[in-house]
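> Please see the structure below; I have some questions.
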Amino acid sequence: MRKLRPFMLALCIVPACGAAEQWIRLKSANFELLTTVNEKKAREAILYFEEVRAFFVQSSSSKRAPGLPIRIVVFKSEREYKPYRPNEVAVAFYQGTSERDYIVMGALSEETYPIAIHEYTHVVIQHSDLKPPIWLNEGLAEMYSTLKPLGKKILVGALSAGRMNALQEKWVDLSVLISAGHDSPLYNEKNRAGIFYAESWALTHMLSLSPAYKPKFTDFLRAVSMGNSSANAFQTIYGKSVLEVQTDLHAYMNGGKFQGVLFDLQLDKSAEAPEVEPASGLDVGLTLAELRGASPAGQKDAEAAYATLARDYPKSAEVAVGAARLAWAGKNIDAALVQFARAVELGTTDPKVYFDYAMLSRQSRGTADQVSLLEKAVSLKPDYKEARLALAYDYMNAHKYPNAIEHLRQVKQVTKDEAFAYFSALAFANNGIGNPQEARKNAEAAKRYASAPAETESIANLLQYLDRKEKRSLLADIEPTIAKNPPPARVETSNIREIQRPTIQEKRISVAGLLNQVDCLGKSARFHITAQGQKLTLLVPDPAQIELRGVAAQTFDMTCGPQKPMPVVVDYVEQADPKQHTQGTLRVLELK
């Protein structure tokens, strides 16, 4: 069950907690294991996890493994494990952090291996494109927890004695099981969870391995992961009602024949011969501190642990990074910025540190040079997409269009959610360097991915601007011909009188807020401002006529499109323009 309840930690300072035991570190192709058990058992454990991982990779259609590094921590005794376990009955648990996934085990035994693999299955599912309902998520984890390596093969579908015994109790209706959610008593209450897990395991076993259901199980899994109800998927995929599936399940579990499958395994050589070395005090201390800090109840202990590590290892950038992430998670932004700055000063080579430092500084209006930090991130990791995109958008805001295009072009693939911002940035940048053909092509691409009205309108305005620009270019080619044969001038002067217009004093409204977006409308513009919790849209008929305050220069350039929220004070005339969808006309813009 993928739940980590808050837990209290014994008061001791890392690495003193682990100082009494000798820690070793094993590293294979895909796992890192820190432990106080003997080397022989540690080798068996890391090989077991490599075999399980190989099964998941080689049996899946995507051939992909979990994206984050996985570190396994195995304690030798109950005394060592007790300060870290989530509750009194957990013999193993999963803990995810922003940097890696942890599987923590209280011992290496027949009891802990299935639970550890159960949790590893959740890691695999979490990092996949699958979103199965809770009964199937737990059913898959239970079924794969019994994986049995047999030489160069692995057995899937071994029976679980514990779950078979639980099924001797009264079953819940299948309609109730497949409707259970994360807050359901059936899933959460200790005296009912046993039958939930047992039935989920049995149903998953039948669907994925029995001859009658196995051929269409992949289609079923895909259907429920896309949001279809289990009942609907049973009917659509198998042509059976929930009651019919329930009848089949009872017959399957009461029968004497169960299906198992043997898979061939291909292991990397390093899986069978991992690197083994004594673990450093710094490595152990950082690991235990990170595990403590992952729980809200362990924040204070983790802070003390990082303080001790900083004293013992004053030149370690890793300690500063760990302290920064702990402070960030605890919403102590000032402390996080200080620790990130220290990590950079100490010469960290982790590209994500530079990226996170830049993003945190941006969100909190810190003083760090965000562009330099992002440049460092992409120099350390050229394929760092998130850093490339952030850097390109910063260059866009600074009107450094060639730099923006350079970084955008180095992004090889974007997701659907990233596509609008990516293509619209390319469109505006190409327009900025005078390349209307590329700008139009990129704008058309962005148009396909626009989802919000403001996005659609922004790209439509750019395309209209490009249309007008193209027409002006055509007229410029025609004008020399017209100039050679100008039409005769005709001016009628009768009845012309000069009329003096009366002076009208405008009534202006002044408000403070945040400028979020600028829509370019050709010669005019539209500003989107959030003020006092309300959205305010103002027309700028002629940007050159706006009175600008708060900057030394007489002009101030802004990039079209979404802006980094900018504090402003605006004076405007309340004058609605339904055609332009504005509430007033801007007269004064003061930058704070």
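> Putting +1 on Lys and Arg Cβ atoms and -1 on Asp and Glu Cβ atoms, find which of A166, A512, A450 reaches farthest to the positive end of the dipole of the chain.
Comparing the listed Cα positions along the dipole, A450 ranks first.
> With a cut-off of 8 Å between alpha carbons and a minimum separation of six or more residues, what is the relative contact order of the chain in percent? Each step should come with its number before you reach the end.
On the way: 890 pairs, mean separation 55.0, N = 592.
Relative CO of the chain lands at 9 percent.
> Tell me the trypsin sites (Lys or Arg not before Pro) within the range 399-432 that lie in a loop according to DSSP and have at most 10 other beta-carbon atoms within 10 Å. Present the calculation step by step, with values, prior to reporting the outcome.
On the way: sites: K400, R409, K412, K416; in loops: K400, K412.
Filter output for the range 399-432: K412.
> Give the separation of the Cα centroids, the range 362-437 to the range 289-346, in Å.
Computed from Cα coordinates, the inter-centre distance equals 30 Å.
> Could you pull out the pairs from K152/K214; K82/K269; K148/K214; K315/K376; K523/K564 whose alpha carbons sit more than 26 Å apart here?
Working: K152/K214 24 Å; K82/K269 35 Å; K148/K214 20 Å; K315/K376 20 Å; K523/K564 23 Å.
The answer is K82/K269.
> With only alpha-carbon pairs counted, each pair once and no self-pairs, how large is the Kirkwood hydrodynamic radius of the range 235-283 in angstroms?
Values: mean 1/r = 0.0609 Å⁻¹.
In the range 235-283 this quantity evaluates to 16.4 Å.
> Averaged per residue, what accessible area in Å² does the chain show with a 1.4 Å probe, protein chains only? Spell out each step's value before the answer.
Numbers: 31640 Å² over 592 residues.
Ligands and nucleic acids excluded, the result is 53 Å² per residue.
> Place a +1 charge on the Cβ of each Lys and Arg in the range 155-217 and a -1 charge on the Cβ of each Asp and Glu, then give the dipole magnitude about the Cα centre in debye, rounded to the nearest 20. Mind showing how you got there, number by number?
On the way: 6 positive and 5 negative charges, 43 e Å.
The calculation lands at about 200 debye.
> Of all DSSP beta bridges located in the chain, what percent are antiparallel, nearest 5?
Details: 52 of 67 bridges.
In the chain, approximately 80 percent of DSSP beta bridges are antiparallel ones.
> Further question on the same structure: Just to be sure I understand: if I project the alpha-carbon convex hull of the range 60-186 onto a plane and average over all orientations, what area do I get in nm²?
Values: hull surface 40.1 nm².
Computed as one quarter of the Cα hull surface, the answer is 10.0 nm².
> Next question, about the same structure. Rank S230, T247, A279 by how far each Cα sits towards the positive end of the charge dipole of the range 137-280 (+1 on Lys, Arg Cβ; -1 on Asp, Glu Cβ) and give me just the farthest.
T247
> Taking the range 109-139, which GluC sites (Glu not before Pro) meet the DSSP loop condition and have no more than 15 other C-beta atoms within 10 Å? Before the final figure, lay out the partial values.
Working: sites: E110, E111, E119, E138; in loops: E110, E111.
Sparse-neighbourhood loop GluC sites (Glu not before Pro): E110, E111.
> Sticking with this one: Counting alpha carbon pairs within less than 8 Å and at least 6 residues apart, what relative contact order, in whole percent, applies to the range 323-396? Could you put the intermediate results ahead of the total?
On the way: 69 pairs, mean separation 16.6, N = 74.
It comes to 22 percent, rounded to a whole number.
> Students sometimes get this wrong: rank K240, K216 by accessible area, probe 1.4 Å, all chains present, largest first.
Details: K240 60, K216 100 Å².
Final ranking, largest accessible area leading: K216, K240.
> Pop out the ³J(HN,Hα) list for the range 232-239 in order, Karplus 6.51 cos²θ - 1.76 cosθ + 1.60 with θ = phi - 60°, rounded to Hz; leave Gly and Pro as x.
5, 5, 4, 6, 6, 7, 9, x
> Relative to the Cα centre, what is the charge dipole magnitude of the chain, using +1 at the beta carbon of each Lys and Arg, -1 at the beta carbon of each Asp and Glu, and rounding to the nearest 20 debye?
Values: 71 positive and 67 negative charges, 162 e Å.
Result for the chain is approximately 780 debye, rounded to the nearest 20.
> Quick one: Cα centre-to-centre distance for the range 160-214 and the range 75-106, in angstrom?
26
> A follow-up question, please. To the nearest 10 degrees, how steeply does helix 385-397 sit against the main Cα axis of the chain, on a 0 to 90 scale?
The angle comes out at about 20 degrees.
> What value, in deg cm²/dmol to 500, does the helix sum -39500 (n - 2.57) over DSSP H runs of n ≥ 4 give at 222 nm once divided by the residues of the chain?
Numbers: 24 runs with 281 residues, N = 592.
Calculated mean residue ellipticity at 222 nm is -14500 deg cm²/dmol.
> At a 1.4 Å probe radius, which order do L267, L203 fall into by accessible area, largest first?
Numbers: L267 55, L203 0 Å².
Greatest to least solvent exposure: L267, L203.
> Relative to the compact globular guide of 2.2 N^0.38 Å, what is the alpha carbon radius of gyration of the chain, as a ratio?
On the way: Rg = 31.9 Å, N = 592, 2.2 N^0.38 = 24.9 Å.
Scaled against compact globular proteins, the figure is 1.28.
> Another one. With the convex hull built on the Cα atoms of the range 257-352, state its orientation-averaged projected area in nm². Intermediate values should be presented prior to the final figure.
Working: hull surface 44.0 nm².
Mean orientational projected area (the range 257-352, Cα hull): 11.0 nm².
> Rounded if a/c is under 1.5, else prolate if a/b beats b/c, else oblate: with a ≥ b ≥ c from the C-alpha gyration tensor eigenvalues square-rooted, which is the range 81-148? Show your work: numbers first, answer last.
Details: a/c = 1.99, a/b = 1.33, b/c = 1.50.
Note, shape of the range 81-148 comes out oblate.
> I would also like to ask the following. Roughly how many percent of the accessible protein surface of the chain is carbon and sulfur, given a 1.4 Å probe and a whole-percent answer? Write out the running numbers ahead of the final one.
On the way: 16620 of 31640 Å².
That fraction is 53 percent.
> What relative contact order, as a whole-number percentage, does the range 342-472 give when Cα pairs under 8 Å and 6 or more residues apart are counted?
Working: 135 pairs, mean separation 18.8, N = 131.
14 percent.
> Another question, if that's okay. In degrees between 0 and 90, to the nearest 10, how far off the longest principal axis of the chain does helix 190-209 point, with axes built from Cα atoms?
Value to nearest ten degrees: 80.
> Projected onto the charge dipole of the chain (+1 at Lys/Arg Cβ, -1 at Asp/Glu Cβ, origin at the Cα centre), which of F55, G434, M359 gives the Cα projection farthest towards the positive end?
Of the listed residues, the answer is G434.
> Run the quick spin-label model on K40 and E406: label points 7 Å from Cα toward the beta carbon, then report their separation in nm to one decimal.
6.0
> Treat every Asp and Glu Cβ in the range 369-428 as -1 and every Lys and Arg Cβ as +1, leave all other atoms uncharged, and give the resulting dipole magnitude about the Cα centre to the nearest 20 debye. It would help to have the intermediate numbers written out before the result.
Details: 8 positive and 8 negative charges, 35 e Å.
For this selection, approximately 180 debye.
> What is the calculated FRET efficiency for E574 to T456, with r their C-beta to C-beta distance and R₀ = 35 Å, to the nearest 0.05? The partial results should precede the final answer.
Working: r = 27 Å, r/R0 = 0.77.
The calculated FRET efficiency here is 0.85.
The values are calculated or read from the model by the stated rules, or taken from the named source; none is laboratory data. Computed from a predicted model, the values in this text were never measured in an experiment. Cβ: placed from backbone, ideal geometry, glycine included. Neighbour counts: every protein chain shown. Surface accessibility is based on the protein's heavy atoms, side chains included, excluding ligands, DNA and RNA. Shrake-Rupley method; radii C 1.70, N 1.55, O 1.52, S 1.80 Å.
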